[in-house]
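The values are calculated or read from the model by the stated rules, or taken from the named source; none is laboratory data. Everything numeric in this text was worked out from a predicted model, so none of it was measured. Every residue, glycine among them, receives a Cβ derived from its backbone with ideal geometry; neighbour counts consider all protein chains shown.
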Amino acid sequence: MSKILVKVTILFVLIVNYVNAGEPEFSFETNELDIPVVMVDGIPYSVKMHLIDDEQGLTFTVTEANNLPSFEERFESLQNGMTRQEVIEILGVPQNIKNLEIKVGAFCSEPTLEVGSVYEQWEYGVDRSSQAPSGFVVWFSEVDNPSEWEIVGKLKGFSCM
């Protein structure tokens, strides 16, 4: 096996096992693996790989690797009305997801919705052990279509009292 294939195989294993990787998609029709967000040494990339099945076995080769804008730049690009899937494609899978309800006298940052409204909170880098604002949150709720919740707000520097 060539040195390049060994390096590519090692890279694939690192990418798949890396905690901050976005949700990968594999197509059996094209034998292509698409990983929307992969962090390597703190730098975000989108990676496409092709599965080769030959006499040497199954091997993935990198066909495309693109440096992505910083997390903050990607976060700032989010707009109200975007779907969960669109957010995953831009930011990757969140570290934490909470289902919450708007209450009178909230103790934490929350979207501007009516009391009693139900919403979903996606957290990226929120440090709950600190009282200082941290991380990023994206809020989703029903807008027009109950089957697909949309962004109703976002916040850099989430905090609770």
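General remarks:
- Residue in segment 52-60 that is under 25 Å from Pro24 (Cβ atoms), outside the structural domain of Thr30 (by TED's automatic domain parsing) and of a type in the set (A, V, I, L, M, F, W, C) present: no
- Any chance Tyr45 is modelled with pLDDT of 50 or more and either surrounded by 10 or more Cβ atoms within 10 Å (Cβ to Cβ) or closer than 20 Å to Phe71 by Cα (or both): yes
- Selection from segment 48-72 of residues that are outside any strand (DSSP E or B), surrounded by fewer than 16 Cβ atoms within 10 Å (Cβ to Cβ) and in contact with a helix residue (DSSP H, G or I) (Cβ under 8 Å, 6 or more places away or on another chain): Gln56
- Val138 at negative phi, assigned to a strand (DSSP E or B) and surrounded by 17 or more Cβ atoms within 10 Å (Cβ to Cβ): yes
- Val143 being under 18 Å from Val87 (Cα atoms) and not in a strand (DSSP E or B): yes
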